[in-house]
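Trainee: Submitted below is the structure of interest, expressed as structure tokens.
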Amino acid sequence: MPDTQAGKLIDPILVPDILSFLAYGNIGANVKGLKDYDTVLWPPVELTYYAYHVMVGLGTIFITVLGVAAILLYQKRLEQTRIVLWGLMLLMPFPYIANEAGWTVSEVGRQPWIIYGLLKTSEGVSSTVAGGEVVFTLIGFLGMYFLLGVLFIYLTLREIAAGPAPRRRLTALPGGAEAPA
Ligand code: HEM
């Protein structure tokens, strides 16, 4: 965890060379740290860090639970394993949180740049667009996404209320072919 005030990491677990490999595919590569840059070029470090870890933490949980579910499905035991079914159901809202966290990582983490190395966010203000126009467009988008959100919730609840489709029972015919019962 970063402590930007003190300029150090809290309880680091050091794994040498891995970031060089992740960033450049070469364990000998030199990855510049924050301290190699002027502080005016730093993004909000804590927010980026925690948003990233929320995203990756959730991603890791998804991979684990879905991996277990996939194995159980393969073994035809998933539908009898209530705890995994509960886990799958309860995980439903969390991809939305991971999405927002990931988006926060991208948007906050690239500050103060709007185009890295070329254009600062503070220089990206258009002189030909009035503030009111931006607010107006934003309200339009908010309204549209609100309607899409309501529609999404309505359709999801409708699917849940309808329940799963009745399973077709298959009966084996002589010769190995199968026909619906
Ligand atoms: C499993 C571990 C995960 C890793 C290692 C990972 C890694 C990353 C990285 C490196 C970025 C780019 C940050 C940048 O802009 O430089 C990112 C962005 C993002 N991630 Fe993840 N991620 C993971 C899981 C997830 C999950 C589970 C979700 C959603 C369900 C998610 C949603 C997003 C979104 C929406 C963005 C922003 C994309 C954009 O606006 O450019 N991530 N992720």
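Trainee: Taking the square root of 5 times each eigenvalue of the Cα gyration tensor, what semi-axes in Å does the equivalent ellipsoid of the stretch 32-125 have, largest first?
Mentor: One finds semi-axes of 40, 12, 10 Å for the stretch 32-125.
Trainee: So what is log10(I(q)/I(0)) for the chain at q = 0.10, 0.12, 0.15 1/Å, when the Debye sum runs over its Cα atoms only?
Mentor: Taking Cα atoms of the chain as identical point scatterers yields -0.75, -0.95, -1.18.
Trainee: Lysines within cross-link reach of residue 35: Cα-Cα under 28 Å, excluding same-chain residues under 8 positions apart?
Mentor: 8, 120
Trainee: Ok, one more. With a length cut of 27 Å (Cα positions projected on each helix's long axis) and a Kyte-Doolittle mean of at least 0.5, go through the chain and give me the DSSP H helices that pass.
Mentor: Answer set is 45-74, 131-162.
Trainee: May I pose another question? I'd like the FRET efficiency for residue 157 and residue 122, computed as 1/(1 + (r/R0)^6) with the beta carbon distance as r and R0 of 35 Å, rounded to 0.05.
Mentor: For residue 157 and residue 122, the calculated efficiency is 0.20.
Trainee: Do the sum for the chain: with -39,500 (n - 2.57) for every DSSP H run of n ≥ 4, divided by all residues, what is the mean residue ellipticity at 222 nm, to the nearest 500 deg cm²/dmol?
Mentor: So the helix-based figure for the chain works out to -17500 deg cm²/dmol.
Trainee: Okay, next question. Given Cβ point charges of +1 (Lys, Arg) and -1 (Asp, Glu) and nothing else, what value in debye, to the nearest 20, does the dipole of the stretch 32-125 about its Cα centre take?
Mentor: The calculation lands at about 420 debye.
Trainee: Ratio of alpha-carbon Rg to the 2.2 N^0.38 Å globular estimate for the stretch 1-62, to two decimals, please.
Mentor: Expressed relative to 2.2 N^0.38 Å, the Cα Rg reads 1.27.
FYI, it's all coordinate maths here, none of it is from the lab. This one's a predicted model, so the numbers in the text were calculated from it and none came from an experiment. When we count neighbours, we look across all protein chains shown, and the Cβ atoms used for this are built from the backbone with ideal geometry, even at glycine.
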